[in-house]
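Below: one structure, written as C-alpha cells.
Each reported figure results from applying straightforward, stated rules to the coordinates on display, with no laboratory input. These figures come from a predicted structure and were not determined experimentally. Note: ideal-geometry Cβ built from the backbone for every residue, glycine included; neighbour counts use all protein chains shown.
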Amino acid sequence: MKQYYFSLHISYLEFERVYKGSARSVIATDETGKRIQIPALRFLPFLNSGGVSGRFVLTTNNQNKFLSLQKI
C-alpha cells in the first residue's frame with residue numbers, strides 16, 4: 001500500500017470543467033515532490049460552493065490502483 005499526501009485548491013468554476021467533459025483528472029504534487037494523477041470524479045464528495053480545497057491523502061495498492069481518497 002502507498003500513501004500520497006498533498007494539498008489542493010480548485011475553485012468551483014474550475015471544477016465545472018469536469019461536468020462539461022473538458023477535464024477528467026487532477027494532477028497534484030505530493031509532499032515529496034512526486035506528481036500524481038487522480039480521476040477528477042474522486043473529488044466529488046469534497047466539492048462545495050467554494051470548490052475543492054484542503055489537505056488530502058491518496059491511498060493506492062502496490063500496483064498504483066486507487067483504494068481511497070480522504071480529506072485530512
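A few points about this structure:
- Remark: the ARG35-LYS20 segment gains 2.9 nm on full extension, using 0.36 nm per residue and subtracting the alpha carbon distance.
- Kirkwood Rh, angstrom, the chain [1 / mean 1/r, Cα pairs]: 12.5
- Spacing of the two label points (7 Å from each Cα toward its C-beta) at ARG42 and LYS2, in nm: 1.1
- Pairs of lysines in the chain (C-alpha under 22 Å apart; 8 or more residues apart or interchain): 5
- Cleavage-rule hits (trypsin sites (Lys or Arg not before Pro)) in the chain: DSSP loop, at most 14 neighbouring Cβ within 10 angstrom: ARG24, LYS34, LYS65
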